[in-house]
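The values are calculated or read from the model by the stated rules, or taken from the named source; none is laboratory data. As the structure is a prediction and not an experimental result, all values here were calculated from the model. Glycine gets a Cβ as well: all are built from the backbone with ideal geometry, and neighbour counts include every protein chain shown. Accessible surface areas use protein heavy atoms only, side chains included; no ligands, DNA or RNA. Shrake-Rupley method; radii C 1.70, N 1.55, O 1.52, S 1.80 Å.
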Amino acid sequence: MRFDLDGLPVHFPYAAIYPEQHAYMGELKRALDARGHALLEMPTGTGKTAALISLITSYSLANPSRPLRLIYCTRTVHEMEKTLAELRLLFAHLPPPAARSLLALGLSSRKNLCVHPQASAAAARDSVDTACRRLTASWVREKAASDPESTPLCEFYETFDRAAAAGDLASFMPPGVYTLADLRALGRERRVCPYFLARQMVKYANVVVYSYQYLLDPKVASIVSREMQKECVVVFDEAHNIDNVCIEALSVSIRKQTLEGAERNLRRISQEIDRFKATDANRLRAEYNRLVDGLAQRGNLPISDAWLANPALPDDILKEAVPGNIRRAEHFLAVLRRLVRFLDGRLETENVENEMPVSFVASIHSQAGIDQKMLRFCYDRLHSLMMTLEITDTDEFMHIQTICDFATLIGTYTRGFSIIIEPYDERMPDIRDPVIQLSCHDASLAIRPVFDRFETVVITSGTLSPIDLYPRLLNFNPVISRSFTMSLTRDCICPMVLTRGSDQLPVSTKFDMRSDPGVVRNYGRLLLEMASAVPDGIVCFFVSYSYMDGIVNSWHEMGILQDIMQHKLVFIETPDVVETTLALDNYRKACDCGRGAIFFSVARGKVAEGIDFDRHYGRLVIMFGVPFQYTLSRILLARLEYLRETFQIKEGDFLTFDALRQAAQCVGRVIRSKADYGMMIFADKRYSRHDKRSKLPGWILSHLHDAHLNLSTDMALHIAREFLRRMAQPYDKTGSGGKKTLLTEEDLQNMAQDGMEM
């Protein structure tokens, strides 16, 4: 359909549109007009992706003088594929001249795009990267030119390189939508490398879909996203955890194994330097002269040589000369050896230590003789040296890279970080496992370059409540900040707060109550009663793996688990990805064949973040407890202190906000469209408190009636039966009377006329 939105002709790929999609597009258009950032919460299953790409593409087509490009960031490859499928549908509905001029593509790692038979066979992502470099690095190709028999090359990369040199890449990728599977098929058919082709064509594409890391992790962003212009609109989808992604991008952990690996790496680099001195001393001398001019003077590297960039350095520092005492390769290795010895000494501590970067850098200077400027240049100096020594198997050098990453970060940032040294893991205090953790506390450090560089950044998700905390956490000012509700023709969402069991004993996962046999039994009886009454799939979320293991064992000993399995099969998520994938497949098979199944999962796990339990795969989701973070974690305590001092965010407010967004994310898995229906049980007495409950998204709260706030197991069972009976009745999908939930082109025209008359 095509309709007018405040003077903007919008192309939409479906015959009807939800009212909240229409409102969402209106807010998005206002943000684009104002050239500012937006924070939008949209309920799950209401077509957020379709609304976003339709509005931004239509806006770009309607304003040829201001051609907008869309960078759409997703968390997983699965979400990337879904977005590209929506784009393909949209492009099919655009006017032919417009569709013929637009290019949209997905970009992922070599692991997901490589088509070389040997390189793509490697299991790990780093191994695929290394296998690729062995075939494509510039010095390997120079050697192959003189000795083609003994030096294998990648024919796919060679085709790409010839086309790039001739300026003929566009002929390989005419306008259209390219998913990762399309790119691989194109690569095999035209014998061209899909990874490097996509990397190069990103500069010219109208829509690019890729991972958060490509913009938020400085090591990756400065290589992949360097060419993106200010006019791009950046969308972070499912961005409720964006602050954690930013923090992880700038945090580093160093253990004993890291230091041992770094020492092995240094021995290998030392042997390579000796070999080069004997055979090609000029290369080392040329590198020395280049470093005198500054790191930026090394010129543009070939695309196959570009490796992870610096985790922190701004461009102005790169123009400085590298400190004299690390220019020579041998001197730089001596500095790294002293740094590794210093860190090894710090790991020998028996007490927990917490230091700020300034004092840690001062102690490195006094004990190892390495100053702040030398630390700041470590990562780039290592990169330069490895290029000079023509090292391709970069996956073997991860340990020394981690040390240099750590050194550069502490040499660059003085605020927003702390260094925590722990001799033991708090959860296993008998086993010595020392670790130095450089922990970032300020999420705005990683995302600030994105806000500064692009004129419109849209942060959107189904669970952003309370929405006012994100601008403080990420330190930005959105021009639009809004939370939308869901328009429904029937109450197809039924949230309930269960505070006590059938025996009227309160239930909670509070630390002092969670192992109480009465609480464990009541949780088990709740699941048993629901398994007997609710058809198809039930999903249960627990607060942690350890709690899930404990309670499932207790249910087994009490005989409750056997009773549950009389009604439905039980599948369990584990930390192992392969096991969990297999369990999910079998869970779906059990639901498909009508047997019904129960899936045990963990809040903050892979399933809670990315798997949909729509239709009969999820008729009920039970959240056992409030998923607070482990509050004795020293990293968390340091972050809470920083948030309180810097952003005036109280510890309790942040912990509650974080726990409730995780709970909302878990229960939101069950509703993925308006034709769907499902129940949500928050099984913990703390959810009945207003300060906790009010942090849930508005689209859940609007269906949480007062009568459902303080339930026992038998009351919840009665409500569940009534709800399921009601959902079995036929209903009007478009909505009748005054409240339509599906708007046609005609409805939108009438709305526009009514607005003009008013």
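Numbers for the structure displayed
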quantity	calculated
Carbon + sulfur, % of accessible area of the chain - ligands and nucleic acids excluded, 1.4 Å	51 percent
Near-label residues of region 143-171 by backbone N, under 13 Å of a point 7 Å along Cα→Cβ of Arg283	143-144
Kirkwood-type radius of region 620-664, with distances r between different C-alpha atoms, in Å	11.4 Å
Computed [θ] at 222 nm, helices only, for the chain once each DSSP H run of length n ≥ 4 contributes -39500 (n - 2.57)	-15000 deg cm²/dmol
Separation in nanometres of the label points that stand 7 Å from Cα toward Cβ, at Asp430 and Val292	6.2 nm
DSSP bridge pairs, the chain: antiparallel proportion in percent, nearest 5	30 percent
Radius 15 Å from Cβ of Tyr59, net charge of other residues (Lys, Arg +1; Asp, Glu -1)	0
Length-normalised contact order of the chain in % [C-alpha pairs under 8 Å, at least 6 apart]	17 percent
Charge dipole (region 493-728, unit charges on Cβ, about Cα centre) - positive-most of Ile719, Leu526, His567	Ile719
Lys373-Arg188 FRET efficiency (beta carbon distance; Förster radius 56 Å; 0.05 resolution)	0.70
Fraction of beta bridges assigned by DSSP in region 249-444 that are antiparallel (%, nearest 5)	100 percent
Cα Rg over Rh - the chain, Kirkwood	0.98
Distribution of pairwise C-alpha distances over region 491-562, 10 Å bins, in %	17, 53, 27, 3
Reachable aspartates and glutamates from Lys219, criterion Cα separation under 17 angstrom, eight or more residues apart if same chain	Asp126, Asp129, Glu227, Glu248, Asp305, Asp315, Asp316, Asp380, Asp395, Asp405
Assigned charges on the beta-carbon of Lys, Arg, Asp, Glu; region 493-728 dipole about Cα centre (debye)	500 debye
Computed magnitude of the charge dipole of region 126-272 (debye, nearest 20; Cβ of K, R +1, Cβ of D, E -1)	300 debye
Computed magnitude of the charge dipole of the chain (debye, nearest 20; Cβ of K, R +1, Cβ of D, E -1)	500 debye
Most to least accessible of His399, His331 (protein chains only, probe 1.4 Å)	His331, His399
Chain lengthening between Arg448 and Arg226 when straightened (0.36 nm per residue, less Cα-Cα)	78.4 nm
17 Å Cα-Cα reach of Lys733 towards lysines, excluding residues that sit fewer than 8 places from it in its own chain	Lys674
Cα-based Rg / Dmax (Å) for region 249-444	17.0, 54
Calculated FRET value between Ala164 and Arg30, using beta carbons and R₀ = 60 Å, to 0.05	0.90
Relative contact order [Cα under 8 Å, 6+ residues apart], region 493-728, whole percent	34 percent
Region 249-444, accessible area per residue, ligands and nucleic acids excluded (1.4 Å, Å²)	42 Å²
Estimated D of region 639-758 in µm² per second, where Rh is the Kirkwood radius over Cα pairs and Stokes-Einstein applies at 4 °C, 1.567 mPa s	71 µm²/s
Cβ-defined net charge surrounding Val543, 11 Å radius [Lys, Arg +1; Asp, Glu -1]	+2
Centre separation in Å (Cα based) which lies between region 533-600 and region 98-169	43 Å
Cα-based Rg / Dmax (Å) for region 493-728	17.3, 56
Centroid-to-centroid separation of region 416-463 and region 47-69 [C-alpha atoms, Å]	33 Å
